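Student: Sending over a structure as structure tokens; questions will come in a sec.
The values are calculated or read from the model by the stated rules, or taken from the named source; none is laboratory data. Just so we're clear, the structure is a prediction, and the values are computed from it rather than from any experiment. Ideal geometry is used to build each Cβ from the backbone, glycine not excepted, and the neighbour counts take in all protein chains shown. Protein only, heavy atoms only, side chains kept; ligands, DNA and RNA dropped before computing areas. Shrake-Rupley method; radii C 1.70, N 1.55, O 1.52, S 1.80 Å.
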Amino acid sequence: MVLIIKPLIVFIMMRLARYKSRTSFQVGISLAQVSEFAFVIFALAKNNNLITVNDFTALVLVGTITIGIS
């Protein structure tokens with residue numbers, strides 16, 4: 001879902017800013033992955049009881065898959 005929704009939102013925003021479709025698509029795809037910094041945020045959220053261990057595990061899994069795919 002992250003790999004579909006995030007690039008789509010970026011694509012739409014770029015088009016609304018009147019960039020060409022090709023440029024908008026390339027930027028959307030480039031920003032599709034979750035960055036390594038997200039793991040730090042996930043860990044902080046877990047350590048401060050903002051998310052459960054199950055949520056943390058799911059987020060790390062999604063982040064790892066998106067980094068692996070890209």
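Student: One residue is enough: does segment 38-48 have a residue meeting the conditions free of Cβ contacts under 8 Å to residues at least 12 places away in the same chain and touching a Pro at 6+ places or on another chain (Cβ under 9 Å)?
Tutor: No: zero hits.
Student: Being under 13 Å from Thr66 (Cα atoms), among the small types (Gly, Ala, Ser) and part of a helix (DSSP H, G or I) is the filter here, so list the residues in segment 26-45 that pass it.
Tutor: Ser30, Ala38
Student: Okay, moving on. Looking only at segment 1-55, which residues are open to solvent by 100 Å² or more (accessible area, probe 1.4 Å), over 11 Å from the mean Cα position of the chain (by Cα) and among the aliphatic types (A, V, I, L, M)?
Tutor: Those that are open to solvent by 100 Å² or more (accessible area, probe 1.4 Å), over 11 Å from the mean Cα position of the chain (by Cα) and among the aliphatic types (A, V, I, L, M): Met13, Leu16, Leu50.
Student: Evaluate segment 53-69: report whether one residue or more is hydroxyl-bearing (Ser, Thr, Tyr) and in contact (Cβ under 8 Å) with a residue 60 or more places away in the chain.
Tutor: Looking through segment 53-69, at least one residue is hydroxyl-bearing (Ser, Thr, Tyr) and in contact (Cβ under 8 Å) with a residue 60 or more places away in the chain.
Student: Is it the case that some residue within segment 18-25 is over 19 Å from Ile4 (Cβ atoms), part of a loop (DSSP other than H, G, I, E, B) and not hydroxyl-bearing (Ser, Thr, Tyr)?
Tutor: Taking every residue of segment 18-25 in turn, at least one turns out to be over 19 Å from Ile4 (Cβ atoms), part of a loop (DSSP other than H, G, I, E, B) and not hydroxyl-bearing (Ser, Thr, Tyr).
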